[in-house]
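Worksheet: one structure, shown below.
The values are calculated or read from the model by the stated rules, or taken from the named source; none is laboratory data. What you are looking at is a predicted structure, and each value in this text was computed from that prediction instead of being measured. Heads up, the Cβs are rebuilt from the backbone with ideal geometry, glycines too, and the neighbour counts pull from every protein chain shown.
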Amino acid sequence: MKEDKIIKALIVDDEERSRRAIASIINNYASNTEIVGQADSVNTAIKLIHDKNPNVILLDINMPYKNGFDLLKELPDRKYHVIFITAYEGYALRAIKFHAFNYILKPVNIDELIETLVDLEKVVGKENEFNHLQKLIDDLNNPKTDKHKLAIPAKEGREYVEIGEIIRFKADGSATWIYLTDGRKVLSSKNLGEYQKILPQENEGTAHFFIRIHHGDIINFSQINKLHSKESKFEMKDGELLNIAQRRKSDVMKLLKNRKLI
């Protein structure tokens, strides 16, 4: 008798070669995953989702006529997880990084895909894990990054906070403390370097952007209250005094001068 698989996956990609490559990896290496269908378009995918009821969609974004985001918008209430497998780059990539269970850039790496499917096994079917899809759809409908919500993987599950509500990030070993404007702090299982990769930067023209001022600190520039130049410290709006690392001081001062703040 065929063993039941925990993950029932639908592959959605307009490129046949890409679908074959993903299917080959899963069939050869993923013992926890069964492929229930393959689709080359959003319309075909929607029919298969209704017929096969997958719990995971391996989704390409950049497809003709309707893209991967259109699929999510047309089926916002379906209960499935999404792994983006894409070469897509653009403003929406940050929204993906904020909310997707995972994203994998093409060409697909075997180990990366298998590790993602193993991790996914832990959350398949959990109701609170479906919330991130609606948050992602909301952010895609609102390209203003300042209102985007960051999904924080915390002990009690994911917590969603608007970018503007974050004062600063503080490294704690392989984890990160996130300090919020309402006085709370949330411990994330992600390390500080992972947040640095996805947070808005100064050259993106957003109201809230983040700078790394020290090995262990990333701050929201809009949450700076005062610069103590003699001590090379920032006083944040929550009252915390943070050191500016010597090797980062030149870049920080240049940013302040460009904004006519010193």
_Looking only at region 1-52, how many residues end up being of a type in the set (F, W, Y) and either crowded, with 16+ Cβ neighbours inside 10 Å or over 26 Å from the mean Cα position of the chain (by Cα) (or both)?_
0
*With respect to L180, determine if the residue is modelled with pLDDT of 85 or more, outside the structural domain of F234 (by TED's automatic domain parsing) and touching a strand residue (DSSP E or B) at 6+ places or on another chain (Cβ under 7 Å).*
no
_For region 30-44, which positions are at pLDDT 95 or above, of a type outside the set (A, V, I, L, M, F, W, C) and not in a strand (DSSP E or B)?_
D40, S41, N43, T44
*Among the strands (runs of 3 or more DSSP E) confined wholly to region 185-262, which include 3 or more residues that are within 30 Å of A154 (Cα to Cα) and either assigned by TED's automatic domain parsing to the domain that holds K155 or modelled with pLDDT of 90 or more (or both)?*
185-188, 210-214, 217-220, 233-236, 241-243
*Please enumerate the residues belonging to region 72-128 that are modelled with pLDDT under 70 and either assigned to a helix (DSSP H, G or I) or of a type in the set (D, E) (or both).*
E89, A92, L93, R94, A95, I96, K97, F98, H99, E127, N128
*Sort through I219, I262 and tell me the only one that's touching a Phe, Trp or Tyr at 6+ places or on another chain (Cβ under 7 Å) and of a type outside the set (F, W, Y).*
I219
_Test for T206: is it among the polar types (S, T, N, Q) and in contact (Cβ under 8 Å) with a residue 60 or more places away in the chain_ = yes
